[in-house]
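Visitor: This is the structure, below, for whatever I ask next.
The values are calculated or read from the model by the stated rules, or taken from the named source; none is laboratory data. Quick caveat: nothing in here was measured; it's all calculated off a predicted structure. Here the Cβ positions follow ideal geometry from the backbone for every residue, glycine too, while neighbour counts run over all protein chains shown.
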Amino acid sequence: MTTITPSAAPAATPPKRSLWQRVPVVHQLRQSVGLQRGMLVTGLVLMAIFVLTAIFAPLLAPYKYNQLRADGVAFGAQQPPSAEHLLGTTVGGYDVFSRVIWGAQTAILVIVLAVVFSIFIGVFLGLVSGYFGGWPDRLLVVVCDAIYAFPSLLLAIVLSIVISGGRSSLWGGILAAALSITVVYIPQYFRVIRAETVRIKAEAYVESARVLGASNTRVMFRHVLRNATRSLPLLITLNSSEAVLTLAGLGFIGFGIEPTAAAEWGYDLNKAISDVTSGIWWTALFPGLAIVLTVLGITLVGESLNDLADPRLRGRRAVAKASGTVSETSVVPGGTLSAGPGGLAGLEDGESFDEHGIEVRP
């Protein structure tokens, strides 16, 4: 006699997410709820405005960043906002609106270069140092701790003077600012990647790869690096906002880019100091507002990503969906159990209450 056993039901497979849903920022946006989503959306909108302004600066700006006249007529210094100059003119005779637009392009170039240089150098040093250890590891830790303990703005000033003499052309000034910021941020990437590498290299799958004969290079870049860079998006956003402030600080104290070479918000703020005491507000308000909104947008995105990286906060949406009102749970055949102010005891005793909670006796 042949016994036929029913086949096991196939396990339910979770639905596959589309490529668009797997984009990092989109994925975090779908996970966020409430105030957290509002912060993330606000930050993304401000960042999008900043990036699009930098990309389309030649189309958005009515004048060049170093333009002083149009149709042979000089703009004039400290002119109030008007139809010809939407945000007025500076003490040097430049159009404020154009300088603010072109300043976004300068800022994003410095951010990209500084972050790219910092990631490549810091991640590589942290990976090698944490994986191999020994005296090179101890030496790199001491050097990076010394750099990290040094005031970042003062170090950027010194390096800017060494690289460019304090004043330079467009690309010379951008590279000087980016490299000076890079040296400041390398220790941060180094410490994060080194700590993750030390933890990950002791995992079982790394030991298994070594037993199977994988080389150190393959283990480092195939197994360790891919799992050690999960916190980099948060660090990139925070460093980007710090790069904007460092660049503005260099320009404010006179070690930035020359105004005839590029527009820079910190330099414009420096030249607007004397205007504030004279009641000329537009030369300082709009460059300062551009710095504040840019840093705010990047910081909001970074803080939101930090919250969403926490599994306890990441699961709030699932908890909110799973939770329900206890009174809506069906516990009796044919309907739901609704208890009055007297609770279940009141129902069991046959008591009834009116809408104000007062007992009604038959």
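Visitor: Could you pull out the residue among Ile55, Ile101 that is at pLDDT 90 or above and under 18 Å from Gly266 (Cα atoms)?
Guide: The conditions single out Ile101.
Visitor: Another question, if that's okay. Does at least one position in the stretch 58-72 carry a residue that is assigned to a strand (DSSP E or B), among the hydrophobic types (A, V, I, L, M, F, W, C) and surrounded by fewer than 22 Cβ atoms within 10 Å (Cβ to Cβ)?
Guide: Checked the stretch 58-72: at least one residue is assigned to a strand (DSSP E or B), among the hydrophobic types (A, V, I, L, M, F, W, C) and surrounded by fewer than 22 Cβ atoms within 10 Å (Cβ to Cβ).
Visitor: Let me spell it out: the conditions are (1) exposed (fewer than 12 other Cβ atoms within 10 Å of the Cβ); (2) over 18 Å from the mean Cα position of the chain (by Cα); (3) modelled with pLDDT of 80 or more, and Lys16 meets all of them except one. Which number is the exception?
Guide: (3)
Visitor: Let me ask something else. From the list Ala178, Ala195, which one is surrounded by 18 or more Cβ atoms within 10 Å (Cβ to Cβ) and either assigned to a helix (DSSP H, G or I) or touching a helix residue (DSSP H, G or I) at 6+ places or on another chain (Cβ under 8 Å) (or both)?
Guide: Of the residues listed, the single one that is surrounded by 18 or more Cβ atoms within 10 Å (Cβ to Cβ) and either assigned to a helix (DSSP H, G or I) or touching a helix residue (DSSP H, G or I) at 6+ places or on another chain (Cβ under 8 Å) (or both) is Ala178.
Visitor: Right, something else. Looking at Pro136, Pro81, can you tell me which residue is in contact (Cβ under 8 Å) with a residue 40 or more places away in the chain and either within 30 Å of Ala228 (Cβ to Cβ) or part of a loop (DSSP other than H, G, I, E, B) (or both)?
Guide: Exactly one of Pro136, Pro81 is in contact (Cβ under 8 Å) with a residue 40 or more places away in the chain and either within 30 Å of Ala228 (Cβ to Cβ) or part of a loop (DSSP other than H, G, I, E, B) (or both), namely Pro81.
Visitor: Looking only at the stretch 119-158, count every residue that is more than 19 Å from Met220 (Cα to Cα) and either in contact with a strand residue (DSSP E or B) (Cβ under 6 Å, 6 or more places away or on another chain) or polar (S, T, N, Q) (or both) and tell me the total.
Guide: Residues flagged as more than 19 Å from Met220 (Cα to Cα) and either in contact with a strand residue (DSSP E or B) (Cβ under 6 Å, 6 or more places away or on another chain) or polar (S, T, N, Q) (or both) within the stretch 119-158 amount to 1.
Visitor: For the stretch 218-226, indicate whether the set of residues that are in contact with a Pro (Cβ under 8 Å, 6 or more places away or on another chain) and either surrounded by fewer than 19 Cβ atoms within 10 Å (Cβ to Cβ) or more than 21 Å from Val123 (Cβ to Cβ) (or both) is non-empty.
Guide: no
Visitor: Sticking with this one: Just to verify a result, which residue in the stretch 113-133, among those that are of a type in the set (Ser, Thr, Tyr) and at pLDDT 85 or above, is nearest to Ala228 (Cα to Cα)?
Guide: Ser129
Visitor: Suppose we filter the stretch 87-96 for residues that are assigned to a loop (DSSP other than H, G, I, E, B) and either surrounded by fewer than 15 Cβ atoms within 10 Å (Cβ to Cβ) or touching a Leu at 6+ places or on another chain (Cβ under 6 Å) (or both); how many remain?
Guide: Here the count works out to 1.
Visitor: Would you please name the residue that is farthest from Leu179 (Cα to Cα), looking only at residues in the stretch 238-296 that are among the β-branched types (Val, Ile, Thr) and under 25 Å from the mean Cα position of the chain (by Cα)?
Guide: Ranking the qualifying residues of the stretch 238-296, first place goes to Val292.
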